[in-house]
Structures are given as structure tokens and as C-alpha cells.
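Contents: one structure, followed by commentary.
The values are calculated or read from the model by the stated rules, or taken from the named source; none is laboratory data. It should be emphasised that the depicted structure is a prediction, and the values quoted were computed from it without experimental measurement. So basically every Cβ, Gly included, is an ideal-geometry build from the backbone, and we count neighbours across all protein chains shown.
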Amino acid sequence: MTAAENRSGFVTFVGRPNVGKSTLTNALVGEKVAITSDKPQTTRRAIRGILNRPGGQLVIVDTPGIHKPRTLLGQRLNDLVEQVLGDVDVIGFLVPAVDKVGPGDRRIAASLDGYPRAKKVAIVTKTDLGGRDEIMERLMEVDSLREDWAAVIPLSAVTDDQLDVLADELLALMPEGPALYPDDVVTDESTEDRIAEIIREAALEGVRDELPHSIAVTVEDVAPREGSDLTDVYANIVVERDSQKAIIIGRKGSRLADVGARARAQIEPLLGSRVFLSLRVRVAKEWQRDPKQLGRLGF
């Protein structure tokens, strides 16, 4: 294959919260680059995962879900999604096989008119949870939402069913051009950012109501310990109120210890060494609504 026939470009996935955007991103890349949770708006940044295929490279941009913003953070996340959608080559619209198409799906599908440059692909996810009739019904519902789908593909990111079909279809829709990243790179996220996301994912597990939106994580330092095979990681879990701090810490520190253990289990393979993880919980009042605090937290 000549260099001219090589294809590369950017794809992003859109859909209601919890349709499986981050799970699909990780499945395509073959490595966990985006955290997953059943909490809406888990993803807060445009995280790029890189998939190399024969004949080309896909750069998958995982973005926050489109939602009605209630805070300045929410508005900034929506602005980020708008920017990404305006820049990518292909937009994949996701609907779970087990959920009937509703008003939110129709609204998002119609909003894709605002991005005429991008080709559109419809993807019915979570087919491992649906029966054959249910999947067929969903495919017909999704197909009728727009007339310009380049493809309509059912798949399961959990069982890898049809993932290759999707990857080949996406690559075929990309413009001709050389690879955008070296072939040994799976994400452009920094190590510190990946560690922060791993800790936030661990902190999200089991929390309720509004607390997920109030959690942010900053990494202060990552350094090998002198004369040891340990790597020291110092990080802060940031919340908005003292009552939330108490929830994160838990009775006699039990919940924070659990968060640390879960996070450390994922950080160690990422760094390739044993890790000493120091977590502090601090309060930044109403940080989601404060421009200065948002800036300090990287938003």
C-alpha cells in the first residue's frame, strides 16, 4: 500500500449519558485510556485514544456527554464537545440496543446537522444485552433518524462483537494521509492526567446523587523513591463541601483507604512499579461555578 492510500483521521462518539462512549473507545484502542462509570458526565476532557489498523490510523476522541448544563463546568464541557464535533472527520452516534429511541436521541441526531463536514455513522451498542428482535427494532429506529448515515452498525464493546467491522468502516471514511501519531502511542494523555482519572474513577464508585459532579482530582507529584522500587504518588481529591469530604473519607478513613487500594491496583501497571499512593481530600467551595477554581483544576 502506498503512502497516498494510507488513511488517518479523527472520530468522536455522541449520545445520551451512559450509552457506552468511553467503553467503546477503550475497546477499540485495546487499552483503558478513558475511565468508565455509571454516573452521567463522567468524562470531562477530550481524551484521545489511538488505534492503528492495516492501512491507517484512527484517533478516537472521547468527550463528555451532551447535557443541559447547570454549572459553569457543565457549560465548559458542552463547549468542549461543540469544538470537537466541529473538528472531527466522522461522528458516531450511539444508541444502546436495550433502550428505545427517545426524545433525547432524536434531539442529538438532529443536532448533527450543525456539523456538515463530518460523515455520520449510527452505532447500536450493548447488543450482548439485547435479543435479536430488540436489536432489529433498534436498528430500524436508528436508521430512520437521519438519511445520511454512512453506515448503521450493531456491536458489543464488552464481547468485541463487530468491533473490527466498525473500525474498518471508520477507517474507510477517513481522508487519505499519513499517521498522526507514532504507532506505539495509545493516547496523548500525560501520565499524571491518567493517574488523576484513575483516582477519580475509584472515588466515583458507590457515591450517590450530586457528589460525582463535585469530585475532581489533582496530582501533586509522581516520583521514584530513592533506594527503593517504589514510586511515590501524591494526589488530592477535591470536593465542594465539608459534608462531601466526610463521605469520601468514610468512617475512620475506611472509604478513602478503599479508593486508594482500587486506584493503586490500576496505577501500578501503568507505571510499571509498586506504588505508594498518598491521597488527601480537600474542599474548594463551589468550584464548579468559580472560573478561577475551574482554571486551577484544569477546566
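A few remarks follow.
- Pairs are defined by a Cβ separation below 6 Å, a sequence spacing of at least 6 or placement on different chains, a first member in the range 252-267 that is more than 16 Å from TYR234 (Cβ to Cβ) and in the same structural domain as TYR234 (by TED's automatic domain parsing), and a second member that is of a type in the set (A, V, I, L, M) and assigned to a helix (DSSP H, G or I); the pairs so defined are ARG262/ALA202; GLN266/ILE198.
- Residues in the range 138-166 that are free of Cβ contacts under 8 Å to residues at least 12 places away in the same chain and outside any loop (DSSP other than H, G, I, E, B): MET140, ASP164.
- Every pair of residues 6+ apart whose Cβ atoms lie under 8 Å, when the first sits in the range 105-119 and is over 16 Å from ASP143 (Cβ atoms) while the second is assigned to a helix (DSSP H, G or I): GLY114/LEU85; TYR115/LEU85; TYR115/GLY86; ARG117/GLY86; ALA118/LEU85; ALA118/LEU112
- Listed by first and then second residue, the pairs with beta-carbon distance under 9 Å, at least 6 apart or on different chains, first residue in the range 285-297 and free of Cβ contacts under 8 Å to residues at least 40 places away in the same chain and of a type in the set (S, T, N, Q), second surrounded by 14 or more Cβ atoms within 10 Å (Cβ to Cβ) and in a helix (DSSP H, G or I), are GLN293/TRP287.
The rows are residues; the columns are (1) assigned by TED's automatic domain parsing to the domain that holds ASP89; (2) at pLDDT below 95.
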| position | (1), (2) |
| --- | --- |
| VAL142 | yes, no |
| ALA157 | yes, yes |
| ALA202 | no, yes |
| GLU205 | no, yes |
| ASP209 | no, yes |
| HIS213 | no, yes |
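- Selection count where residues are assigned to a loop (DSSP other than H, G, I, E, B) and either under 10 Å from LEU58 (Cα atoms) or among the β-branched types (Val, Ile, Thr) (or both), scope the range 167-181: 4
- Single match in VAL275, VAL281, VAL219, VAL259 (criterion: out of contact with any strand residue (DSSP E or B) (no Cβ under 6 Å at 6 or more places or on another chain) and surrounded by 13 or more Cβ atoms within 10 Å (Cβ to Cβ)): VAL259
- Single match in ASP128, ASP160, ASP133 (criterion: farther than 12 Å from LEU28 by Cα, within 25 Å of the chain's Cα centre (by Cα) and surrounded by fewer than 16 Cβ atoms within 10 Å (Cβ to Cβ)): ASP128
Let's see how each residue does on (1) modelled with pLDDT of 95 or more; (2) among the basic types (Lys, Arg); (3) over 19 Å from SER22 (Cβ atoms); (4) crowded, with 19+ Cβ neighbours inside 10 Å:
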position	(1), (2), (3), (4)
ARG70	no, yes, yes, no
GLN75	no, no, yes, no
ASP89	yes, no, yes, yes
GLY104	no, no, no, no
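- In the range 114-137, the residues that are part of a loop (DSSP other than H, G, I, E, B) and among the hydrophobic types (A, V, I, L, M, F, W, C): ALA118
- Options ILE215, ILE267, ILE195, ILE199: the member that is within 19 Å of the chain's Cα centre (by Cα) and over 30 Å from GLN75 (Cα atoms): ILE267
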